[in-house]
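Note sheet for the following structure.
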Amino acid sequence: SNLKINIIKVLSIDNNSTDTLFLKQILAKDARKKFVIEQVNRLKDGIKCLRRKKFDAILLNLFLPDSYGIQTIKEVLAISRIPIVVLIDKDNEKIAGATLKEGAQDCLLKDELYPSLLSRTIQYAIERQQISEQLRQTISSLHESEQRFRIIANTASVLIWMSDNNGQCIFFNQPWLD
């Protein structure tokens, strides 16, 4: 057939090689996407990889030989905006909500993984991260535009004012207030 198969490059930061092998087997079952998984055992090796290569997503174990818990997410996000999907064991389930608050795109239980779930989760994480990045850039542009407006308005010698939808004044330029 003529279908284009997308390649998704994933960095697995997990010291459990058996789990990573299992992930590779699960993701190999997706006919529409080809997942290329590179695995490292330690956070420091993952950070080196992220600096050298381009990945589309990160599968992250929070309990590594050189990093423990939520701090692991913070360290990855300090150097990368690549979407993170955290994989946890059943006994660490209570940490799931905290992973999302720290900036992970999703959190899955290792015991409950099946092909379509993992594949979809990675793809949605990538899409959410892209939307989040676009939103961040839009907000930044809006702030810059607001700054330019204030500079222009506050250097004008005439009255410039704005009101809200209820007719309440919400802005007067500085020369008018002085």
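The values are calculated or read from the model by the stated rules, or taken from the named source; none is laboratory data. Quick caveat, the model's predicted, so the values are computed rather than measured. When we count neighbours, we look across all protein chains shown, and the Cβ atoms used for this are built from the backbone with ideal geometry, even at glycine. Accessible surface is based on the protein model in full, side chains and every heavy atom, while ligands, DNA and RNA are left aside. Shrake-Rupley method; radii C 1.70, N 1.55, O 1.52, S 1.80 Å.
Below are the figures for this structure:
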read-out	value
Selection from segment 12-55 of residues that are touching a Lys or Arg at 6+ places or on another chain (Cβ under 8 Å), in a strand (DSSP E or B) and of a type outside the set (V, I, T)	F35, E38
Residue match in segment 130-144 (condition: in contact with a helix residue (DSSP H, G or I) (Cβ under 7 Å, 6 or more places away or on another chain) and either modelled with pLDDT of 95 or more or closer than 20 Å to Q39 by Cβ (or both))	no
Check on I26, surrounded by fewer than 18 Cβ atoms within 10 Å (Cβ to Cβ), in contact with a Leu (Cβ under 7 Å, 6 or more places away or on another chain) and of a type in the set (V, I, T)	yes
Tabulated pairs, segment 44-56, first in contact (Cβ under 8 Å) with a residue 60 or more places away in the chain, second of a type in the set (A, V, I, L, M, F, W, C), C-beta under 6 angstrom, 6+ apart or interchain	D56/I8; D56/I126
Output for segment 126-178, where each listed residue is open to solvent by 70 Å² or more (accessible area, probe 1.4 Å), within 26 Å of the chain's Cα centre (by Cα) and of a type in the set (D, E)	E127, E144
Any pair with Cβ under 8 angstrom, 6 or more apart, that starts in segment 69-93 at a residue that is closer than 26 Å to R136 by Cα and ends at one that is open to solvent by 60 Å² or more (accessible area, probe 1.4 Å) and outside any helix (DSSP H, G or I)	I70/E102; I73/E102; K74/E102; L77/E102
Residue check for R148: more than 30 Å from K24 (Cβ to Cβ), among the charged types (D, E, K, R) and out of contact with any helix residue (DSSP H, G or I) (no Cβ under 8 Å at 6 or more places or on another chain)	yes
Some residue of segment 31-46 being exposed (fewer than 15 other Cβ atoms within 10 Å of the Cβ) and of a type in the set (A, V, I, L, M, F, W, C)	yes
Segment 95-113, residues that are open to solvent by 60 Å² or more (accessible area, probe 1.4 Å), at pLDDT below 90 and touching a helix residue (DSSP H, G or I) at 6+ places or on another chain (Cβ under 7 Å)	D111
